[in-house]
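Remarks on the structure that follows.
Nothing in this text is a laboratory measurement; each read-out follows from the coordinates by a stated rule. Since the model is a prediction, treat every value here as computed from it, not as a measurement. In this analysis, Cβ positions are derived from the backbone assuming ideal geometry, glycine residues included, and neighbour counts consider all displayed protein chains.
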Amino acid sequence: MELNSNISAVITGGASGLGAATAKKLASYGVKVALFDLNAEKGEALAKELGGVFCQCNVTDDASVDAAFEKARAANGQERILINCAGTGNAIKTASRNKETGEISHFPLDKFDLIIQINLVGTFRCIAKSAAGMMTLDPIDGERGAIVNTASVAAEDGQIGQAAYSASKGGVVGMTLPIARDLSRELIRVNTILPGIFNTPLLQGAPEPVKQALGAQVPHPARLGNPEEYASLATEMCRNGYFNGEDVRLDGAIRMAPR
């Protein structure tokens, strides 16, 4: 897909981190961008900077997602690109003992379900609604659209306390190929990136020695990933018309230890 001003894109989680970097990269090609996010302050500021549109959006809520797509399409037209970066995580053991009292407790199921709803169901909700919109478009150079999802290396080597996070991201990996097959006759491609340890807002507040220690775990290059490196791969997945049905680790060859 040639990236230019005739193309519109929706980026969920687009106000910061991986999503913001990808929005900037796409906008540099002239692509019209719509940022879906809960953070209105950051989202509005970035949308203004990029000449795009901000759509406040909760990916766990059907009406919220519908309203965001409606606003984005009214401003930029039907998107041919969807980048799913909205997500979150937690760290709770499946069952554990209190070190002081010996009391046993299990993972609160509502907190498990929340991660699944945001990372997995929320991603699928946006895919399904975006793909339905893309199907109304005429093909350009043999394709109607491209979708890029964000999983995590935790989908394959989750750490202690990451049962919910790993399950959600493993689900994103697991549904990539079936969705690519579902949409193949409609000329819509679907791929997923599995980032390793990236320097996103989640880590930017950490002390520098902590970030250096995390980066040192990466075989090569021994540092945190930059959001721009994610954006580069996401953009290539959109540009390269033979890139389809793939789950690609972007992690400097790291394989996560149990903790």
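Observations on the model:
- The range 6-59-the range 127-176 distance, computed between alpha-carbon centres (Å): 18
- Interchain or long-range residues, amide H under 5 Å from PHE198's placed H: GLY225
- Only Lys, Arg (+1) and Asp, Glu (-1) charged, at Cβ; the range 73-114 dipole about Cα centre in debye: 160
- Other-chain or far-sequence residues with amide H under 5 Å of VAL10's (modelled H): ALA34, ILE81, LEU82, ILE83
- Pairs of Lys in the range 8-250 closer than 16 Å at Cα, counting only those 8 or more apart or on different chains: 10
- Shape analysis of the range 8-250 based on the Cα gyration tensor places the equivalent ellipsoid semi-axes at 31, 20, 18 Å, largest first.
- Selected from CYS85, ILE127, ILE116, residue furthest toward positive end of dipole (the range 83-190; charges at beta carbon): ILE116
- Alpha-carbon centroid distance for the pair the range 83-110 / the range 187-225, whole angstrom: 22
- Positive dipole terminus of the range 1-63, leading residue within ALA47, ILE11, VAL31 (C-beta point charges): VAL31
- Under-5 Å amide H pairs with PHE54, H placed in peptide plane, nonlocal only: LEU35
- Rounded to 5, percent antiparallel among DSSP beta bridges of the range 8-250: 10
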